[in-house]
1. Could you sort 57, 97 by their accessible area in this structure, using a 1.4 Å probe and putting the largest first?
2. Using every pair of alpha-carbon atoms in the chain, split the distances into 5 Å bins beginning at 0 and state the percent of pairs per bin, rounded to integers.
3. Take every Cα-Cα pair in segment 1-67 and report what % of them are more than 20 Å apart.
4. With the alpha-carbon atoms as the only input, what is the per residue convex hull volume for segment 163-264 in Å³?
5. Could you sort out which of 154/295; 212/281; 157/212; 38/154 sit more than 30 Å apart by Cα distance in this structure?
6. Just how large is the dipole of segment 200-277 about the Cα centre, in debye to the nearest 20, putting +1 at every Lys and Arg Cβ and -1 at every Asp and Glu Cβ?
7. Residue-wise, which Karplus ³J(HN,Hα) couplings in Hz belong to segment 60-76, taking 6.51 cos²θ - 1.76 cosθ + 1.60, θ = phi - 60°, and x for glycine or proline?
8. What value in Å³ per residue do you get for the convex hull of the alpha-carbon atoms in segment 24-137?
Amino acid sequence: MSYLESLRVFVRVVELGSITAGGRDLRLSPAVASNRIKDLENRFGVRLLNRTTRKLTPTEIGRAFYDNARRVIDTLDEAEALVSSFSGRPQGVIRLTAPLGLGRRLIAPLIPPFCAENPGVDFRLRLSDRNVNIVEDAIDLAFFLGEPADSALKWRKIADCPRVLVASPAYLAQHGTPAMPEDLVDHNCLLLRYPRSPEYYWVLQSDDGPQKMMVGGRFDTDDGDVLTAWALGGEGIANRPLYEVAADIRAGRLIEVLPRNRPLASQFGCLTPHRRLQDPKVRMFADFAVRELKKVF
(Lines give C-alpha, C1' and ligand atoms only; values in the text may rest on other atoms or scores of the structure.)
Protein backbone atom coordinates (compact mmCIF):
# COMPACT_ATOMS: atom_id res chain seq x y z
CA MET A 1 0.00 0.00 0.00
CA SER A 2 1.10 3.55 -0.64
CA TYR A 3 2.86 5.07 2.36
CA LEU A 4 1.53 8.50 1.40
CA GLU A 5 -2.03 7.21 1.22
CA SER A 6 -1.59 5.67 4.67
CA LEU A 7 -0.42 9.05 5.95
CA ARG A 8 -3.53 10.70 4.56
CA VAL A 9 -5.73 8.10 6.24
CA PHE A 10 -3.97 8.54 9.58
CA VAL A 11 -4.30 12.34 9.43
CA ARG A 12 -8.02 12.26 8.67
CA VAL A 13 -8.70 9.58 11.29
CA VAL A 14 -7.06 11.74 13.96
CA GLU A 15 -8.91 14.86 12.80
CA LEU A 16 -12.31 13.17 12.68
CA GLY A 17 -11.78 10.98 15.73
CA SER A 18 -12.92 7.79 14.04
CA ILE A 19 -11.51 5.21 11.63
CA THR A 20 -14.94 4.89 10.03
CA ALA A 21 -15.32 8.66 9.58
CA GLY A 22 -11.73 9.08 8.34
CA GLY A 23 -12.14 6.28 5.83
CA ARG A 24 -15.51 7.57 4.66
CA ASP A 25 -14.01 11.02 4.10
CA LEU A 26 -11.42 9.44 1.79
CA ARG A 27 -13.95 7.03 0.24
CA LEU A 28 -12.43 3.98 1.88
CA SER A 29 -14.16 1.20 3.80
CA PRO A 30 -13.52 1.00 7.57
CA ALA A 31 -11.56 -2.22 7.00
CA VAL A 32 -9.23 -0.62 4.45
CA ALA A 33 -8.73 2.47 6.63
CA SER A 34 -7.98 0.29 9.66
CA ASN A 35 -5.45 -1.75 7.69
CA ARG A 36 -3.62 1.40 6.59
CA ILE A 37 -3.33 2.54 10.20
CA LYS A 38 -1.98 -0.90 11.14
CA ASP A 39 0.55 -0.69 8.29
CA LEU A 40 1.92 2.53 9.75
CA GLU A 41 2.09 1.08 13.26
CA ASN A 42 3.84 -2.04 11.96
CA ARG A 43 6.26 0.08 9.94
CA PHE A 44 7.38 2.01 13.04
CA GLY A 45 6.80 -0.65 15.67
CA VAL A 46 4.74 1.72 17.87
CA ARG A 47 1.09 2.28 18.67
CA LEU A 48 -0.17 5.51 17.10
CA LEU A 49 -3.77 5.37 18.30
CA ASN A 50 -5.47 4.38 21.52
CA ARG A 51 -8.68 2.53 20.70
CA THR A 52 -11.58 1.91 23.04
CA THR A 53 -15.18 0.95 22.33
CA ARG A 54 -16.21 4.59 22.80
CA LYS A 55 -13.25 6.73 21.79
CA LEU A 56 -10.20 6.91 19.55
CA THR A 57 -7.32 9.22 20.46
CA PRO A 58 -3.69 9.50 19.32
CA THR A 59 -1.01 8.28 21.68
CA GLU A 60 1.73 10.71 22.71
CA ILE A 61 3.94 9.58 19.82
CA GLY A 62 0.84 9.48 17.59
CA ARG A 63 0.13 13.15 18.30
CA ALA A 64 3.72 14.11 17.47
CA PHE A 65 3.56 11.99 14.31
CA TYR A 66 0.25 13.60 13.32
CA ASP A 67 1.71 17.12 13.59
CA ASN A 68 4.53 16.21 11.21
CA ALA A 69 2.36 14.11 8.89
CA ARG A 70 -0.08 17.04 8.59
CA ARG A 71 2.80 19.27 7.48
CA VAL A 72 3.90 16.66 4.92
CA ILE A 73 0.40 16.45 3.44
CA ASP A 74 0.05 20.24 3.39
CA THR A 75 3.43 20.63 1.68
CA LEU A 76 2.54 18.05 -0.94
CA ASP A 77 -0.83 19.70 -1.58
CA GLU A 78 0.88 23.06 -1.99
CA ALA A 79 3.39 21.55 -4.43
CA GLU A 80 0.59 20.01 -6.49
CA ALA A 81 -1.25 23.35 -6.47
CA LEU A 82 1.88 25.09 -7.74
CA VAL A 83 2.24 22.63 -10.62
CA SER A 84 -1.44 22.90 -11.57
CA SER A 85 -1.17 26.70 -11.58
CA PHE A 86 1.46 26.44 -14.32
CA SER A 87 -0.34 23.70 -16.25
CA GLY A 88 -3.65 25.57 -16.29
CA ARG A 89 -5.45 22.30 -15.46
CA PRO A 90 -6.57 22.30 -11.81
CA GLN A 91 -6.50 18.86 -10.19
CA GLY A 92 -7.63 17.34 -6.93
CA VAL A 93 -10.41 17.58 -4.37
CA ILE A 94 -12.18 20.69 -3.08
CA ARG A 95 -13.90 20.29 0.29
CA LEU A 96 -16.85 22.65 0.71
CA THR A 97 -19.31 23.33 3.47
CA ALA A 98 -22.43 25.49 3.61
CA PRO A 99 -25.67 25.84 5.60
CA LEU A 100 -28.29 23.29 4.58
CA GLY A 101 -30.80 25.45 2.73
CA LEU A 102 -28.21 27.74 1.18
CA GLY A 103 -26.12 24.76 0.14
CA ARG A 104 -29.00 22.94 -1.51
CA ARG A 105 -30.37 25.96 -3.35
CA LEU A 106 -27.31 27.99 -4.26
CA ILE A 107 -24.04 26.04 -3.85
CA ALA A 108 -24.82 22.53 -5.08
CA PRO A 109 -26.05 23.75 -8.51
CA LEU A 110 -22.70 25.47 -9.12
CA ILE A 111 -20.64 22.30 -8.87
CA PRO A 112 -21.64 20.43 -12.09
CA PRO A 113 -20.96 23.36 -14.48
CA PHE A 114 -17.62 24.06 -12.80
CA CYS A 115 -16.63 20.39 -13.09
CA ALA A 116 -17.66 20.36 -16.74
CA GLU A 117 -15.06 23.06 -17.38
CA ASN A 118 -12.50 21.52 -14.99
CA PRO A 119 -12.77 17.73 -15.23
CA GLY A 120 -9.73 17.15 -13.01
CA VAL A 121 -11.51 18.55 -9.93
CA ASP A 122 -13.64 16.50 -7.53
CA PHE A 123 -15.89 17.92 -4.80
CA ARG A 124 -16.84 16.89 -1.28
CA LEU A 125 -19.83 19.02 -0.24
CA ARG A 126 -20.88 18.90 3.42
CA LEU A 127 -24.07 20.72 4.40
CA SER A 128 -24.92 21.63 7.99
CA ASP A 129 -26.62 24.45 9.87
CA ARG A 130 -24.32 23.77 12.83
CA ASN A 131 -20.99 25.48 13.36
CA VAL A 132 -18.20 23.70 11.49
CA ASN A 133 -14.54 23.81 12.51
CA ILE A 134 -13.07 24.67 9.14
CA VAL A 135 -9.44 24.09 10.10
CA GLU A 136 -9.91 20.81 11.99
CA ASP A 137 -12.24 19.42 9.31
CA ALA A 138 -9.78 20.37 6.53
CA ILE A 139 -12.39 22.45 4.70
CA ASP A 140 -11.10 24.39 1.69
CA LEU A 141 -14.03 26.77 1.30
CA ALA A 142 -16.96 27.49 3.62
CA PHE A 143 -20.00 29.50 2.55
CA PHE A 144 -21.33 31.37 5.52
CA LEU A 145 -24.25 33.52 6.67
CA GLY A 146 -23.52 35.80 9.61
CA GLU A 147 -20.56 37.50 11.23
CA PRO A 148 -17.30 35.53 10.97
CA ALA A 149 -15.31 35.67 14.18
CA ASP A 150 -12.19 33.61 13.45
CA SER A 151 -9.32 35.90 12.44
CA ALA A 152 -7.30 32.88 11.26
CA LEU A 153 -9.59 32.63 8.25
CA LYS A 154 -9.81 34.72 5.09
CA TRP A 155 -13.28 36.29 4.69
CA ARG A 156 -14.61 37.24 1.28
CA LYS A 157 -17.96 39.02 1.32
CA ILE A 158 -20.38 38.21 -1.50
CA ALA A 159 -23.47 40.23 -0.57
CA ASP A 160 -25.81 41.33 2.17
CA CYS A 161 -28.61 38.79 2.53
CA PRO A 162 -31.96 40.39 3.52
CA ARG A 163 -33.98 38.53 6.16
CA VAL A 164 -37.72 38.58 6.86
CA LEU A 165 -40.13 37.42 9.55
CA VAL A 166 -42.82 35.22 8.04
CA ALA A 167 -45.89 33.28 9.10
CA SER A 168 -48.72 31.52 7.33
CA PRO A 169 -52.11 33.19 6.79
CA ALA A 170 -53.68 30.49 8.99
CA TYR A 171 -51.35 31.20 11.91
CA LEU A 172 -51.96 34.95 11.74
CA ALA A 173 -55.71 34.46 11.46
CA GLN A 174 -55.69 32.38 14.63
CA HIS A 175 -53.12 34.26 16.72
CA GLY A 176 -53.19 37.79 15.34
CA THR A 177 -50.58 39.80 13.46
CA PRO A 178 -47.83 41.53 15.51
CA ALA A 179 -48.07 45.32 15.17
CA MET A 180 -44.71 46.07 16.82
CA PRO A 181 -41.61 44.07 17.74
CA GLU A 182 -42.66 43.83 21.39
CA ASP A 183 -45.70 41.79 20.31
CA LEU A 184 -43.43 38.87 19.39
CA VAL A 185 -43.28 37.80 23.04
CA ASP A 186 -46.91 36.65 22.68
CA HIS A 187 -46.15 34.45 19.67
CA ASN A 188 -44.59 31.07 19.00
CA CYS A 189 -41.27 32.05 17.41
CA LEU A 190 -39.63 29.21 15.50
CA LEU A 191 -35.96 29.07 16.47
CA LEU A 192 -32.82 27.90 14.70
CA ARG A 193 -30.69 26.46 17.48
CA TYR A 194 -28.04 23.82 18.00
CA PRO A 195 -26.46 22.22 21.09
CA ARG A 196 -24.64 24.74 23.31
CA SER A 197 -26.09 27.69 21.38
CA PRO A 198 -26.40 30.92 23.41
CA GLU A 199 -29.61 32.57 24.56
CA TYR A 200 -31.81 33.31 21.63
CA TYR A 201 -32.72 36.73 20.27
CA TRP A 202 -33.57 38.45 17.02
CA VAL A 203 -32.08 41.83 16.10
CA LEU A 204 -34.68 43.92 14.27
CA GLN A 205 -34.41 47.24 12.49
CA SER A 206 -36.15 50.23 14.06
CA ASP A 207 -36.20 54.03 13.79
CA ASP A 208 -33.83 54.12 16.77
CA GLY A 209 -31.39 51.62 15.30
CA PRO A 210 -31.01 47.85 15.80
CA GLN A 211 -33.38 46.49 18.44
CA LYS A 212 -32.50 43.27 20.27
CA MET A 213 -35.62 41.22 20.95
CA MET A 214 -35.54 38.21 23.25
CA VAL A 215 -37.89 35.67 21.67
CA GLY A 216 -39.09 32.24 22.59
CA GLY A 217 -41.19 29.41 21.27
CA ARG A 218 -42.12 25.78 21.63
CA PHE A 219 -40.15 24.54 18.63
CA ASP A 220 -36.47 24.77 17.75
CA THR A 221 -34.29 22.90 15.29
CA ASP A 222 -30.82 23.00 13.72
CA ASP A 223 -32.26 22.73 10.18
CA GLY A 224 -33.42 25.97 8.56
CA ASP A 225 -35.65 24.18 6.06
CA VAL A 226 -37.59 22.65 8.96
CA LEU A 227 -38.29 26.17 10.23
CA THR A 228 -39.75 27.13 6.85
CA ALA A 229 -41.85 23.96 6.78
CA TRP A 230 -43.20 24.70 10.27
CA ALA A 231 -44.06 28.26 9.25
CA LEU A 232 -45.86 26.98 6.14
CA GLY A 233 -47.72 24.54 8.37
CA GLY A 234 -49.07 27.35 10.54
CA GLU A 235 -46.96 26.64 13.62
CA GLY A 236 -45.45 30.08 14.23
CA ILE A 237 -43.25 32.95 13.06
CA ALA A 238 -39.87 32.24 11.47
CA ASN A 239 -36.85 34.45 10.78
CA ARG A 240 -35.64 33.39 7.34
CA PRO A 241 -33.36 34.64 4.55
CA LEU A 242 -35.55 36.35 1.97
CA TYR A 243 -34.22 34.30 -0.96
CA GLU A 244 -35.45 31.11 0.75
CA VAL A 245 -39.07 32.24 1.21
CA ALA A 246 -39.57 34.81 -1.58
CA ALA A 247 -41.53 32.37 -3.74
CA ASP A 248 -43.78 31.42 -0.81
CA ILE A 249 -44.45 35.11 -0.09
CA ARG A 250 -45.31 35.81 -3.75
CA ALA A 251 -47.65 32.81 -3.80
CA GLY A 252 -49.39 33.88 -0.59
CA ARG A 253 -48.33 30.77 1.33
CA LEU A 254 -46.41 33.00 3.77
CA ILE A 255 -46.96 36.60 4.81
CA GLU A 256 -44.19 38.94 5.87
CA VAL A 257 -44.61 40.06 9.48
CA LEU A 258 -43.39 43.47 10.72
CA PRO A 259 -42.09 44.58 7.28
CA ARG A 260 -40.95 47.93 8.75
CA ASN A 261 -38.87 46.08 11.35
CA ARG A 262 -37.08 43.47 9.32
CA PRO A 263 -34.27 41.51 10.97
CA LEU A 264 -30.82 42.86 10.22
CA ALA A 265 -29.46 41.47 6.98
CA SER A 266 -26.89 38.69 7.25
CA GLN A 267 -23.53 38.96 5.60
CA PHE A 268 -23.14 36.25 2.98
CA GLY A 269 -19.65 35.24 1.95
CA CYS A 270 -17.02 32.52 2.00
CA LEU A 271 -14.27 31.62 4.43
CA THR A 272 -10.95 30.09 3.46
CA PRO A 273 -7.95 29.06 5.56
CA HIS A 274 -5.18 31.45 4.50
CA ARG A 275 -2.82 28.76 3.28
CA ARG A 276 -5.44 27.22 0.98
CA LEU A 277 -6.35 30.47 -0.70
CA GLN A 278 -3.33 30.05 -2.96
CA ASP A 279 -4.53 26.70 -4.30
CA PRO A 280 -5.57 27.49 -7.91
CA LYS A 281 -8.57 25.16 -7.93
CA VAL A 282 -9.93 26.68 -4.70
CA ARG A 283 -9.32 30.21 -5.95
CA MET A 284 -10.91 29.41 -9.31
CA PHE A 285 -14.05 27.93 -7.75
CA ALA A 286 -14.32 30.80 -5.26
CA ASP A 287 -14.12 33.33 -8.12
CA PHE A 288 -16.68 31.36 -10.13
CA ALA A 289 -19.06 31.00 -7.17
CA VAL A 290 -18.84 34.65 -6.16
CA ARG A 291 -19.53 35.76 -9.74
CA GLU A 292 -22.60 33.49 -10.05
CA LEU A 293 -23.97 34.13 -6.55
CA LYS A 294 -23.88 37.89 -6.92
CA LYS A 295 -26.51 37.45 -9.63
CA VAL A 296 -28.91 36.09 -6.98
CA PHE A 297 -28.74 39.03 -4.54
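1. Numbers: 57 50, 97 10 Å².
Output order, biggest surface exposure first: 57, 97.
2. All Cα pairs, binned at 5 Å, distribute as 1, 5, 10, 13, 14, 13, 11, 10, 8, 7, 5, 3, 1, 0, 0 percent.
3. On the way: 310 of 2211 pairs.
Taking all Cα-Cα pairs of segment 1-67, the fraction more than 20 Å apart is 14 percent.
4. Working: hull volume 9.4 nm³, N = 102.
Spelled out: Cα convex hull of segment 163-264, divided by residues, is 92 Å³.
5. On the way: 154/295 22 Å; 212/281 41 Å; 157/212 24 Å; 38/154 37 Å.
From 154/295; 212/281; 157/212; 38/154, over 30 Å: 212/281; 38/154.
6. Computed charge dipole of segment 200-277: roughly 280 debye.
7. 4, 6, x, 5, 5, 5, 4, 4, 6, 5, 4, 5, 4, 4, 4, 5, 5
8. Details: hull volume 17.1 nm³, N = 114.
Spelled out: Cα convex hull of segment 24-137, divided by residues, is 150 Å³.
The values are calculated or read from the model by the stated rules, or taken from the named source; none is laboratory data. All figures in this text were calculated on a predicted structure; none of them were measured in a lab. Don't worry about glycine lacking a Cβ; one is built from the backbone with ideal geometry, like all the others, and counts go over all protein chains shown. For the accessible areas, the whole protein counts, side chains as well, though only heavy atoms, and no ligand, DNA or RNA atoms are used. Shrake-Rupley method; radii C 1.70, N 1.55, O 1.52, S 1.80 Å.
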